[in-house]
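First up is the structure itself, then whatever we jot down about it.
The values are calculated or read from the model by the stated rules, or taken from the named source; none is laboratory data. Predicted model, so just to flag it, every value in this text is computed and none were measured. Neighbour counts are summed over all protein chains in view; Cβ atoms, including those assigned to glycine, are modelled from backbone coordinates with ideal geometry.
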Ligand SMILES: Nc1nc2c(ncn2[C@@H]2O[C@H](COP(=O)(O)OP(=O)(O)O)[C@@H](O)[C@H]2O)c(=O)[nH]1
Ligand SMILES: [Mg+2]
């Protein structure tokens, strides 16, 4: 869909002169909808080396990661929203791109922190995860899912420590506060400001799959990160 004449009813965000946020959200969501299963691997070295930007989704089991991926891509079964936490132990890749041309990849990493998982598996997970996050060359951004009712867990903190050097070198970082519908307005505001302090310069967004909150904002961020074009407006890009 090509959008080059923004509706007069849609006002650009004052802090982003020239960018029509609604039009950008439409483009971003169309792009996310192209997600297709690419491959799955139990460890980093089984993954194909890719030269398109990769955006990794991480988070403790049950944080709402599968639901979020399915919501963003508008596909019910893309990332299987398992009722059994800790079930997905592989890194799953999904390709994104219009007209069959892959221009980015989403990586769904195994959920962690599920108590019933044997210790050996937990250690294995930490190694796979750390290896991926530290050495995956085309990794462009990390999206950490966090249920704001629980806040950051010990494993989330470990993960933050692991990725911090790469974030300092320019890796993009977003914390999604999931299931925001479970919080009151006041609780949402509080959770957002606490997480902004903890995220160390990363982005933080409230998200609810059931109330469809935060979808446009997150979609736009992911789209922008995968398409970093300086000094171009969304309309220019859409015309190309
Ligand atoms: N109320 C509410 N529940 C959610 C939301 N997102 C996920 N859930 C529920 O949280 C549970 C875990 O979700 P799932 O996506 O499987 O989490 P994952 O283990 O991180 O992949 C499921 O019962 C979902 O239905 C949300 O936005 N709102
Ligand atoms: Mg899941």
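Identify, please: which residue in segment 102-139 is surrounded by fewer than 20 Cβ atoms within 10 Å (Cβ to Cβ), touching a residue at least 12 places away in the same chain (Cβ under 8 Å) and within 16 Å of ligand 1 (Cβ to nearest atom) and is, among those, nearest to residue 161 (Cα to Cα)?
113
Looking at this structure, is residue 77 surrounded by fewer than 23 Cβ atoms within 10 Å (Cβ to Cβ) and in a helix (DSSP H, G or I)? Spell out the reasoning first.
Working: surrounded by fewer than 23 Cβ atoms within 10 Å (Cβ to Cβ): yes; in a helix (DSSP H, G or I): no.
So residue 77 fails the test.
Go through the residues of segment 162-179 one by one and say whether even a single one is within 23 Å of residue 122 (Cα to Cα), touching a strand residue (DSSP E or B) at 6+ places or on another chain (Cβ under 7 Å) and in a loop (DSSP other than H, G, I, E, B). Show your work before the answer.
Taking segment 162-179 as the starting set, the residues that turn out to be within 23 Å of residue 122 (Cα to Cα) are 162-164, 175.
Now drop any that are not touching a strand residue (DSSP E or B) at 6+ places or on another chain (Cβ under 7 Å), which leaves 163, 175.
Checking the rest, the ones that are also in a loop (DSSP other than H, G, I, E, B) come to none.
Checking segment 162-179: not a single residue is within 23 Å of residue 122 (Cα to Cα), touching a strand residue (DSSP E or B) at 6+ places or on another chain (Cβ under 7 Å) and in a loop (DSSP other than H, G, I, E, B).
Looking at (1) modelled with pLDDT of 90 or more; (2) in contact with a helix residue (DSSP H, G or I) (Cβ under 9 Å, 6 or more places away or on another chain); (3) part of a helix (DSSP H, G or I); (4) surrounded by fewer than 22 Cβ atoms within 10 Å (Cβ to Cβ), find the lone condition where residue 67 falls short.
In the conditions (1) modelled with pLDDT of 90 or more; (2) in contact with a helix residue (DSSP H, G or I) (Cβ under 9 Å, 6 or more places away or on another chain); (3) part of a helix (DSSP H, G or I); (4) surrounded by fewer than 22 Cβ atoms within 10 Å (Cβ to Cβ), residue 67 misses (2) alone.
Within segment 180-224, how many residues turn out to be in a loop (DSSP other than H, G, I, E, B), under 18 Å from the mean Cα position of the chain (by Cα) and under 21 Å from residue 152 (Cβ atoms)?
Looking only at that region, the number is 7.
Can you spot a residue in segment 79-92 that is under 25 Å from residue 206 (Cα atoms), modelled with pLDDT of 95 or more and within 17 Å of the chain's Cα centre (by Cα)?
no
For the condition in contact (Cβ under 8 Å) with a residue 24 or more places away in the chain and loosely packed, with under 14 Cβ neighbours inside 10 Å, what is the one hit in 157, 187, 203, 169?
That would be 187, the only listed residue that is in contact (Cβ under 8 Å) with a residue 24 or more places away in the chain and loosely packed, with under 14 Cβ neighbours inside 10 Å.
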